[in-house]
Structure formats: structure tokens, C-alpha cells
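Contents: one structure, followed by commentary.
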Amino acid sequence: MILAKPDVKLVPEIGGKRVREMSDGFIDELRKAFDHGSVLSGADIDARYYHDISGNPVPKPRAVVRPRTTEDVSTLLRLCHREKVPVTTQGGMTGLVRAALPNANEIVLSMERMNAIEEVDTATGVAIAQAGAPLQKIQERVEQDGFMFPLDLGSRGSCTIGGNISTNAGGNRVIRYGMTRDLILGLEVVTADGTVLRGLRKYIKNNTGIDLKQLYVGSEGILGVVTRAAIRIFPAPAERQVALCALPSFGQVMSLLKLARTNLGGELTAFEVMWNAYYRHTVERVKGVAGPLPTHHPFYVLLEASGGDAGRIRADLERLLETAMENGLLLDATLSTSNASAAAIWRIRDSSVELGRTFPFAARMGFDVSLAIDRMEEYADTLEARVKAIDPQAFTIVMGHAGDGNLHPSVYHEHTPDKHDEFEKLVYDLTGEFDGSISAEHGIGMLKKPYLKMSRTAEEIDTMRTLKRALDPNNILNPGRIFTL
Ligand SMILES: Cc1cc2nc3c(=O)[nH]c(=O)nc-3n(C[C@H](O)[C@H](O)[C@H](O)COP(=O)(O)OP(=O)(O)OC[C@H]3O[C@@H](n4cnc5c(N)ncnc54)[C@H](O)[C@@H]3O)c2cc1C
């Protein structure tokens, strides 16, 4: 198709670089290239494309393009590449670091109409989905065939597999099945100039040069647009049982993790740690949450085992708890007796947002960091002391996926914008001091960009820039996310 030369002019992008502002001529050109309803502009753009998860507005995009096919994505990027028009790709918009929200002058590429699950192949253990397919839709589809897709997040109903891939999402079962990166067999990707990389392969072993698909996992849409994915699926475990344990010290938490790994092997599907303050406040303050153990113990661990044989899972968990008790690791423990009691234990662990709402005087700042497990206790103690040094009324509440080296500390303080910035800096500086990662799961986006240097060296960030320049020479894909070129 020959397209008329549109009329574009240069305007400053957030972050100082100059990008092209799209003119009405370019929007007309997009309309000619796509079918009716694929290109929205002006009053037709619904607020959901430019409001964050809390309902706060960002700049309204000049256009929203909703492709139906990989070829549509390719056409859009080819045009934007030619005219240097920046594009932000949107999946379910559940990301927490302001990566998918448009900056000024960007087009939104919404994947919402590419949401089909094209194939479920239980013989190979693979499903093929378009990138806009919601995670929960994939989970439910493979369950119909007795299989599971192990990735699971609180945002499962809205987040998409394309967003999960682009953020390398984690979640609750990482200790057993790994991050999204470990669950991807092949990807189809459209590069910045519209080239389609057809890498939708269904096998694990493939040592034929650079593994290109991994470039697109976790790179937050700055290197290409994922259009389809071949994902690993597993026979669904028939049984899932949960234990809640009380422990006297963090040393015992680490010993229990080692014992659980040794004794349960592949049956261990979650190992979640809660500091006393998290467990106590959640049980005492969050409506509908009941704690099966008393609230005065220093640490609590939620431990989940799953597998095909209910009797064996229960026996293995009981034996683990007996051994842990004999070795002096536990003060108390309880084992789920039904799906309902297992869900009630998980509810304690999953109530951090609800807990935050029970402190009406305070703003809750949630963080998502990774650390070596043997440094977690010192990190949490140091964080609490430094928070108190800034504001004696402020306090911290800590829990996390200890088995994955991932903590979610929260800082509670009386809300003022200057304190918000001070606490944020404190947490990321401290994470850097402990050689940790400032983003275990959620990515960098725009929000954590100033702190990237706490977790990555200057040489690493320069290498990322080199990759970005090579794969997106006109800097049109999610410009300004992760780092500024
Ligand atoms: C209640 C709640 C719980 C959460 N729990 C977890 C958790 O346990 N673990 C975790 O890791 N995260 C969690 N998150 C964060 C979020 O859900 C994940 O980051 C998720 O993977 C984002 O998917 P999405 O489809 O919403 O992506 P979006 O928010 O739409 O986009 C995220 C990034 O991916 C890019 N992108 C989206 N689709 C594509 C595509 N097809 N091609 C290229 N780039 C693309 C976007 O441009 C952006 O950079 C949670 C969020 C909420 C609200």
C-alpha cells in the first residue's frame, strides 16, 4: 500500500528528547490503513486508555490503535517507525510502574482485540495464545483439559499474557515453576520497523544461536511488540495443601526453607514469610480474615505443597512438620484440612492491600525488592530503624516470597509528598547497599527509572541502551521507559 506523506512536527518528549507530534494527516493515514473501529481519536478515546489503576489521568493519547492481527501490528509499527511517531503498547494496564500509560504525543497500541487462545496441545504441554489474552482466560481454558498454566498473580482477571511476558511476571508459584521467562517456549514479535520475528516454537531445547525471545521477556515493550506466545502448561496437580507455621527467629525460617526443599522437592509450590507485624495486624484488622495460630510469634511461614496424590502430599507435609518440630524450628503449626481452610490461610498472605486501608491516618507505600535470603532480617531491621529516624510515627510491615528471595516491605507514614520521596529514596538506597534488586517483579517503567542505578551497573545500563538503539533506532517503542536514551 502506498501511503501519503503525513504532516508531522517535532515536539519535546518527557525526558528532554525531541519526538514527532502526530498531525491529523497521520491519523487519517492510520484510518486508511486499518478497518473501521481500529483507530480511535478525540472523543472516541475511552478514559481507560489514559488513566492509571487508581484512576489518575495521564496525557490523553492522540490516537488508540486496536489491531486484530500480527499484520496489523506490523503495519502500524512500520508507519510509526517511518514517521518517528512514539507508541506505547498496552496489555491489561495492571502494571504498577507507569510503563503502559501514554506520555505526551504517543499513540496507544492496545492489544485488547488480539485475545484468542489458539491452541492447547496437552501431548506437548504447550498452549498458544495471542498476546492480549487475559491470564485468567488462559488458566481456565487449560484447566478444561486437566492442565494448569502455573503463572498466577492477583491481577489475573485483567493482566494479559503479553504484559506478563513484557514484565517477566512472577507471582505465587515461582519457587516451583519459575518466572514467566521460564514458561515461554516461543514468541512471535513485531520489531520497531514492522518486521515480524516468527519464533513461535513449541520445544524446550533450541541452541541455534542467540535466544532472541528472551530479549523481549522483561524488557517492558521497549524492544518489540509481542503478538503471540507458546507457553508451557503442566498437568494440574490433583491436590494442594497448605501449612501455616510459627517460628522463633529468621534463622529458623531459613532452616525450614532448606528442610522443605530437601524433603518436599518438586512438591513445594510456595514458601511465604510474614513478620509478626504483618500477621498480627492482618488477623486483628482485616475483616473476614481469621488466624489459625496466636498472634504473638516472631515469624510465620505459609508453606504449600501440591502434587497428584493427596495421601502422599499430606503424609510428606506432616513428616516435614514433625521433623521441623523435633529440630526446634517451629513454635506451632497447623495444616489445612480442606480447600476452604487452605484458602483461609492464603487469605492472610494475600491481604496486604486490605491491611493498608485499615490505617486511615497513614499512607502505605508498598515495595517489591529482591535480596539474598540470609540478609533479609538485617535489611528489615535496618529499614525500620531508618524509617523511624526520619519520622518516629512511621513504621514498616514486611512479608514476601522468601523462597524466591523477594520481599514486599511497606512503609506506613502520615502522607506528605516530601516524605513520600524521602522514604522511596531510603528504600532503594538501602536495597542498593544490600546488593539487592529494586524491582523483583514489577519492572522499572517511568516510576523506578531514577533508581535503576541502585541495582544495575553503568556498564549494564549502557549495554541496554546499545540494544535499544540497535533494535529501535528511531526510539518509538515505549520511549523513556526503564532509561532515557
Ligand atoms: C492486584 C495486583 C497484583 C499484582 N501481583 C503481581 C505479582 O504477584 N507478580 C507480578 O510480577 N506482578 C504483579 N502485578 C503487576 C502486574 O499485574 C504485572 O506486571 C502484569 O504482568 C502486567 O500485565 P498487563 O497485561 O497488565 O501489562 P500492562 O500493564 O498493560 O503493561 C506492562 C508493560 O508491558 C508492556 N506490554 C504489554 N503488552 C505488551 C505486548 N504485547 N508486547 C510488548 N509489550 C507489552 C507495556 O508497554 C508495559 O511496559 C500485580 C498488579 C496488581 C494490580
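The values are calculated or read from the model by the stated rules, or taken from the named source; none is laboratory data. Small disclaimer: the values here were computed from a predicted structure and weren't measured. Please note: Cβ atoms are built from the backbone with ideal geometry, for glycine as well, and neighbour counts cover all protein chains shown.
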Note to self: When you scan the stretch 124-147, do you find a residue that is surrounded by fewer than 23 Cβ atoms within 10 Å (Cβ to Cβ), touching a helix residue (DSSP H, G or I) at 6+ places or on another chain (Cβ under 8 Å) and either modelled with pLDDT under 95 or of a type in the set (S, T, N, Q) (or both), even just one?
What the structure shows: no
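Just to confirm my filter: which strands (runs of 3 or more DSSP E) fall fully inside the stretch 58-111 and include at least 1 residues that are within 9 Å of the ligand (Cβ to nearest atom) and within 19 Å of residue 224 (Cβ to Cβ)?
Numbers: elements: 63-65, 87-90, 107-110.
Hits in the stretch 58-111: 87-90, 107-110.
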Checklist line | All positions within the stretch 143-173 that are acidic (Asp, Glu) and out of contact with any Leu (no Cβ under 9 Å at 6 or more places or on another chain) | finding: 143, 145
Item checked: Scan of the stretch 447-459 for residues that are surrounded by 12 or more Cβ atoms within 10 Å (Cβ to Cβ) and either away from the ligand (no atom under 13 Å from the Cβ) or assigned by TED's automatic domain parsing to the domain that holds residue 73 (or both), ordered by number -> 450, 451, 452, 453, 454, 455, 456
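Just to verify a result, which residue in the stretch 22-57, among those that are β-branched (Val, Ile, Thr) and not in a helix (DSSP H, G or I), is nearest to the ligand (Cβ to nearest atom)? Show your work before the answer.
As a first pass, look at the stretch 22-57 and keep what is β-branched (Val, Ile, Thr): 27, 39, 45, 53.
Adding the requirement that they be not in a helix (DSSP H, G or I) leaves 39, 45, 53.
Working: 39: 18, 45: 16, 53: 6 Å.
In this case the residue turns out to be 53.
Report whether or not residue 399 is more than 16 Å from the ligand (Cβ to nearest atom), under 22 Å from the mean Cα position of the chain (by Cα) and under 28 Å from residue 293 (Cα atoms). Walk me through it before giving the result.
Values: more than 16 Å from the ligand (Cβ to nearest atom): no; under 22 Å from the mean Cα position of the chain (by Cα): yes; under 28 Å from residue 293 (Cα atoms): yes.
For residue 399, the condition - more than 16 Å from the ligand (Cβ to nearest atom), under 22 Å from the mean Cα position of the chain (by Cα) and under 28 Å from residue 293 (Cα atoms) - is not met.
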Next item on the list: Counting only residues that are surrounded by fewer than 18 Cβ atoms within 10 Å (Cβ to Cβ), give me the helices (runs of 4 or more DSSP H) lying completely in the stretch 157-264 with at least 1 of them.
Entry: 213-216, 250-264
Next item on the list: Take the stretch 125-150 and flag every residue that is of a type in the set (A, V, I, L, M) and more than 9 Å from the ligand (Cβ to nearest atom).
Entry: 126, 127, 128, 129, 133, 138, 142, 148
